[in-house]
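Single-structure report; data block below.
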Amino acid sequence: MSERKELARLLERHQEHVKAWNEFDLGALGDIYNDDCFIFDTIPPPAFRNLHEFLQYLTPVRQTLSGFKLRTFDQLVRVDERSDDRIGWIASRYEIEARRGEGVHRSTGRWTEIYEKRGDTWKLIHLHSSDDPAEV
């Protein structure tokens, strides 16, 4: 496939990823993430060895929220042309708004997804998010 087409497919996968978090669609997240995806996030503990471990921690927290909105922007999409186009990554900025009771939490930061093509499907193998340094 042409590089431009793979870049478009990666961006589409990224959009599916954001949608799955906004809808907290566990089936969609399971489809996007590789079983042993490593996740490095801003919430403690910061490192999770796989999606299951991450969701085990995050699900009770997410269920306390009456609203959750994730938006990403300024995406930079790349496919590594040196290794037969099997590795791709997306770096972007994000904004999160989460509501709990009467309170609203807003944060911004950076987000990097690393994908590996498995057959004809891009699977997320690493996710790293960090708070915006200006907010810390």
Estimated FRET transfer efficiency (Glu3, Asp132; beta-carbon r; R0 35 Å; 0.05)
0.70
In degrees, nearest ten, helix 3-23 long axis to first principal axis of the chain (Cα)
20 degrees
If one takes the longest principal axis of the Cα atoms in the chain, at what angle in degrees, from 0 to 90 and to the nearest 10, does the Cα axis of helix 51-63 lie?
30 degrees
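What is the percent of Cα-Cα separations in segment 7-136 that go past 22 Å?
Of all Cα-Cα pairs in segment 7-136, 35 percent lie more than 22 Å apart.
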Per residue convex hull volume, Cα atoms of segment 1-83, in Å³:
124 Å³
GNM result for the chain, Cα springs below 10 Å: residue of Thr64, Thr112, Thr121 fluctuating most strongly:
Thr64
Could you pull out the longest piece of the chain with no exposed loop GluC sites (Glu not before Pro) in it, calling a site exposed if DSSP puts it outside H, G, I, E, B and it has at most 15 other Cβ atoms within 10 Å?
1-101
Can you tell me the dipole magnitude for the chain around its Cα centre, using point charges on the Cβ only (Lys, Arg +1; Asp, Glu -1), in Debye to the nearest 20?
180 debye
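Each reported figure results from applying straightforward, stated rules to the coordinates on display, with no laboratory input. Keep in mind that what you see is a predicted model, and the values were worked out from it rather than measured. With ideal geometry, Cβ positions are generated from the backbone for all residues, glycine too; neighbour counts draw on all protein chains shown.
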